[in-house]
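Let me begin by presenting the structure, written as structure tokens, before commenting on it.
The values are calculated or read from the model by the stated rules, or taken from the named source; none is laboratory data. Since we're looking at a predicted model, the values are computed, not measured. Cβ placement follows ideal geometry from the backbone for every residue including glycine, while neighbour counts extend to all protein chains displayed. Surface areas here come from the heavy atoms of the whole protein model, side chains and all, with no ligands, DNA or RNA. Shrake-Rupley method; radii C 1.70, N 1.55, O 1.52, S 1.80 Å.
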Amino acid sequence: MADRTIEPDSPELRARWGNFAWSAENAVKAKEIVARYPEGRQRSAVMPLLDLAQRQVGAELNTQGWLPIPVMEYVAAQLDMPIIRVVEVATFYTMYNIAPIGRFHVQVCGTTPCMLRGSDEIMAACKARGMKKGHTTADGLWSLTEVECMGNCASAPMVQINDDNYEDLTPERLDAVLDALARGETPKPGTQDPARHTVEPVGAPTNLAAMVGENHDYRGEW
Amino acid sequence: MPKLTVDGVELEVPQGATVLQACELAGKEIPRFCYHERLSIAGNCRMCLVEVKPGPPKPQASCALPAAEGQEIRTDSEMVRKAREGVMEFLLINHPLDCPICDQGGECDLQDQSVAYGRGGSRYHENKRAVTEKYMGPLIKTVMTRCIHCTRCVRFSEEIAGVDEIGALYRGENMQITTYLEHAARHEMSANVIDLCPVGALTSRPYAFEARPWELKKTLGIDVSDACGANIRIDSRGREVLRVLPRVNDDVNEEWISDKARYMVDGLVKRRLDRPYLRRDGKLVPVSWNEAFAAIAALNPGSSIAAAAGDMADCETMFAAKTLLAALGSSLLEGRQTGMDYDTSNLAAVNFNSTFAGIESADAVLIVGSHVRWEAPLVNVRLRKAAKRGAKVFLIGPEWETTFGGEFLGEDLSLLGNLPAHVAEALKGAARPAIIVGGAGLGRGGLEAALALAGTFKLVRDLEDGSRWNGFNVLHMAAARMGGLMLGFAQKGGIADLVAAKPKVLLSLGADEVDYARFAGSMIVYLGHHGDKGAHAADVILPAAAYTEKAGTYVNTEGRVQWSDKAVFAPGDAREDWTILRALADAFGVSVGFDSFEELRGAMISQVPALGGEGLADYGSELPPGGGSAAGTIAYPIKDFYMTNPIARASATMQRCSAELLHGEHFAEAAE
């Protein structure tokens, strides 16, 4: 997080992105997004539009997409708002990428439950494949970030790659996911434990076991 | 009117007050960093915590908490003391504590409040955060590691200045205040963020490492860079003025001043006229005072003498010149240097009648020929407030970047006689309609046509609340203008009357905008302080005092009489203007009837009693009917905001601002 800095404005950046404009499909979407908000409150659309712009940039680059300065200016101009306010939003929320990024953004959760369930090994596995925190690999495939809790504690440890979560990981399962992604496949998101469908208990319930079949009053046992 | 108790004292506070304001009314000091009376409430510094019952059993931020009936507020309890100590300790965790090398030292809110409310020691042993410097232009120096993220600067530029350019990037510990892409702050009030900054993050670049606040002599003065008459404090050390700061005056400048008022003072030590000069064989040569006076007296002009007042002349100087000319039998006085000849028989017709505070409440404003941002930045702030309250603003003149929206109707004065229907409708339907005529709108019949509109739309009226509203305003650009008009520095035909009279001697009271080629046959005696256009054309130069070097009376464009004090002495042989005119009277062998400044001021007040007290002069509220038609394309007289007077033109800071901000020159940052 601390390494997050905005990509500096440069003539090359201007040359590449200076004439950014919505694709035909996104222009329709952008119009629809702006129309969701009342007249005079169009600025509220800044977050969905930035997301849309990031995805369009990603599609053009075949990566996860990011927000170059001229693209933020384009969004600001469309919403008639000061550019600094757009930059504030884009730099505040970490899901906006403000520097170029790889095709797969591997976000490893390192918060307590994941850490207890082995996120250190997951991180080590990522590093073993050549990834480095805050960097993109030379082939442009992988960008690695350590993030805080993603809310999948019941199936820790987890990583989020692009828009999908991969849970119940071990280094081997992670390798399988990453290999599949590298081959261009789409691995099944969610838990990677073959014994689980979602976050139901593995094997027999260990807690509140007496509640499985019928209602049970535990109060006498406290 | 909620009734509540503060530290056991019961009091009643106005509806809508906050707990912080209630505590202030009770005479309690509440420490704060982010809260500022003139900005919106942010509530992010947490320094103003107090204990409030009823409410959650924890301290609450008083700045954002509305005062309510029956509240029991404590500012002196153990909980409050510990809360303040805690907040202060957190603020100081990432603050560098480099007070010995910080320019804010001695006038720093953080320094003062940590002494008063802090723990006196730190328990923090980890590394502190460091933030890269941000470039904010030639006026604002940044040391962003010191920033405590109060966001006053962000709120100022958004709410008051109306130019959204400062923002807070990133989040949490990584939050950084910056301008967009580190461009220079581009508006006329930008340096006010230096005063607002409660720590040393934003400090004054030209004043960097010049002095400590306790070394400075503080003199109360009046700004002369425009006709607003902003109240300033002149900070000087020895014979040098080091900086100018605003004083609070809600009627005039609230607590802002323009960048020009603040930073043109370094021009006071450059290009100064510090000894008399006399033109011999076409060249100006230094002479003694006696030689200079002898040369003027030898001409023996009798009544063939005229006086032109410059834009920064004080009333005493103008009155002394008037008395001298009267003693010689002349009344050829003029202050409108560029040749304006609007009618001045009724001063209410050339005055900013609604007052600055009043224009805020206007609900429809028509601006005729005024680039308000450059001609009167402080009025621009008021107009922005009016527009935020819903006022409709229309402008006649070439387009400029307003900070309050507004609709540009066109560039021709003839629009005055032919207003578009929706504009007429808006002015007619308004409860408090106003017209502002700027310098470019006064000539070519513009004033008369605007006065006719004032009659049509009944700009002078009694409001429902019983008060009187006069929405007819003239916005001047010269600090000397209203005082000069009150003293009769206006001929019917303007300066052309002086040219036509072919005076033997033309007394120029710091008049730098006059076309002296038209006075080729006259001896031009220049009383002024800077070697600018007027001095180049002069035959005799009598070195005089600048506005910081003499006491004086100034009348701003509202007709507000204000007194300024003397901060420093004029350099070299230069003397205060009135003493020069008094000595000139001796040289001519006439009597002017005053021998001291008090006698001069007394004589002036007995002739123009309105100058005898600070406050608005009464010009009456009856406007002349006006009429006639106006035509002609408007061109604003100010081409460069930072270069409008000889002091600013001599100032290195203003020159750099002009080059960088207006002409796009690029300056490399010096390596530090």
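What to note about this one:
- Among strands (runs of 3 or more DSSP E) entirely within the range B:1-76, having at least 3 residues that are within 27 Å of B:Asp112 (Cα to Cα) singles out B:49-53.
- Every residue from the range B:494-509 that is open to solvent by less than 20 Å² (accessible area, probe 1.4 Å) and of a type outside the set (A, V, I, L, M): B:Gly494, B:Pro503, B:Ser508
- All positions within the range B:284-320 that are part of a helix (DSSP H, G or I), over 20 Å from B:Asp573 (Cβ atoms) and in contact (Cβ under 8 Å) with a residue 40 or more places away in the chain: B:Cys315, B:Glu316, B:Met318, B:Phe319
- Any hit, the range B:73-85, residues being closer than 24 Å to B:Asp250 by Cα and surrounded by 14 or more Cβ atoms within 10 Å (Cβ to Cβ): no
- Condition broken by B:Glu107, with the remaining ones in (1) out of contact with any helix residue (DSSP H, G or I) (no Cβ under 6 Å at 6 or more places or on another chain); (2) under 20 Å from B:His36 (Cα atoms); (3) not in a helix (DSSP H, G or I) satisfied: (1)
- Matching residues in the range A:74-101 - criterion: being outside any loop (DSSP other than H, G, I, E, B), within 14 Å of chain B (Cβ to nearest Cβ) and not hydrophobic (A, V, I, L, M, F, W, C): A:Arg85, A:Glu88, A:Thr91
- Any hit, the range B:113-120, residues being without any contact (Cβ under 8 Å) to a residue 24 or more places away in the chain and in a helix (DSSP H, G or I): yes
- Selection status of A:Ala76, over 19 Å from the mean Cα position of the chain (by Cα), small (Gly, Ala, Ser) and open to solvent by less than 10 Å² (accessible area, probe 1.4 Å): yes
- Filter pass, A:Gly40 being open to solvent by less than 70 Å² (accessible area, probe 1.4 Å), within 14 Å of chain B (Cβ to nearest Cβ) and among the small types (Gly, Ala, Ser): yes
- Some residue of the range A:213-221 being surrounded by 13 or more Cβ atoms within 10 Å (Cβ to Cβ) and of a type outside the set (D, E, K, R): no
- Candidates B:Lys28, B:Lys3, filtered to the one that is surrounded by fewer than 19 Cβ atoms within 10 Å (Cβ to Cβ), touching a residue at least 40 places away in the same chain (Cβ under 8 Å) and within 35 Å of the chain's Cα centre (by Cα): B:Lys28
- Some residue of the range A:151-159 being among the aliphatic types (A, V, I, L, M), touching a Pro at 6+ places or on another chain (Cβ under 8 Å) and surrounded by 11 or more Cβ atoms within 10 Å (Cβ to Cβ): yes
- Verdict on B:Gly167 being of a type outside the set (Val, Ile, Thr) and either under 31 Å from the mean Cα position of the chain (by Cα) or open to solvent by less than 30 Å² (accessible area, probe 1.4 Å) (or both): yes
- If you go through the range A:11-30 and pick out every residue that is open to solvent by less than 40 Å² (accessible area, probe 1.4 Å), in contact (Cβ under 8 Å) with a residue 40 or more places away in the chain and part of a helix (DSSP H, G or I), you end up with 3.
- Strands (runs of 3 or more DSSP E) lying entirely in the range B:153-210 (those with 2 or more residues that are away from every other protein chain (no Cβ under 14 Å), modelled with pLDDT under 95 and over 16 Å from B:Cys657 (Cβ atoms)): none
- Hey, B:Val265 more than 30 Å from B:Ile580 (Cα to Cα) and either under 22 Å from the mean Cα position of the chain (by Cα) or open to solvent by 10 Å² or more (accessible area, probe 1.4 Å) (or both) or not: no
- All conditions but one from (1) modelled with pLDDT under 95; (2) more than 13 Å from chain B (Cβ to nearest Cβ) apply to A:Glu25; the one that does not is (1).
- Condition check for B:Ser236: in contact with a helix residue (DSSP H, G or I) (Cβ under 7 Å, 6 or more places away or on another chain) and among the polar types (S, T, N, Q): no
- Members of the range A:45-73 that are open to solvent by 40 Å² or more (accessible area, probe 1.4 Å), more than 13 Å from every other protein chain (Cβ to nearest Cβ) and either under 21 Å from A:Asn19 (Cβ atoms) or modelled with pLDDT of 95 or more (or both): A:Met47, A:Asp51, A:Arg55, A:Ala59, A:Glu60, A:Leu61, A:Asn62
- Residue count for the range A:167-195, restricted to those that are out of contact with any Lys or Arg (no Cβ under 8 Å at 6 or more places or on another chain), surrounded by 11 or more Cβ atoms within 10 Å (Cβ to Cβ) and not charged (D, E, K, R): 13
- Qualifying residue in the range B:384-407 (condition: open to solvent by 10 Å² or more (accessible area, probe 1.4 Å), within 30 Å of B:Phe519 (Cβ to Cβ) and assigned to a helix (DSSP H, G or I)): no
- Scope the range B:251-262; condition touching a helix residue (DSSP H, G or I) at 6+ places or on another chain (Cβ under 7 Å) and open to solvent by 20 Å² or more (accessible area, probe 1.4 Å); matching residues: B:Asp251
- Any pair with Cβ under 7 angstrom, 6 or more apart, that starts in the range B:192-218 at a residue that is among the basic types (Lys, Arg) and ends at one that is open to solvent by 20 Å² or more (accessible area, probe 1.4 Å): B:Arg205/B:Lys141; B:Arg212/B:Gly106; B:Lys217/B:Arg237; B:Lys218/B:Arg233
Let's see how each residue does on (1) open to solvent by less than 20 Å² (accessible area, probe 1.4 Å); (2) farther than 17 Å from B:Val365 by Cβ:
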residue	(1), (2)
B:Leu415	no, no
B:Val437	yes, no
B:Gly441	yes, no
B:Leu451	yes, no
B:Gly455	no, yes
B:Glu464	no, yes
B:Gly471	yes, no
B:Ala490	no, yes
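- Number of residues in the range B:516-557 that are in a loop (DSSP other than H, G, I, E, B) and over 22 Å from B:Asn300 (Cα atoms) equals 9.
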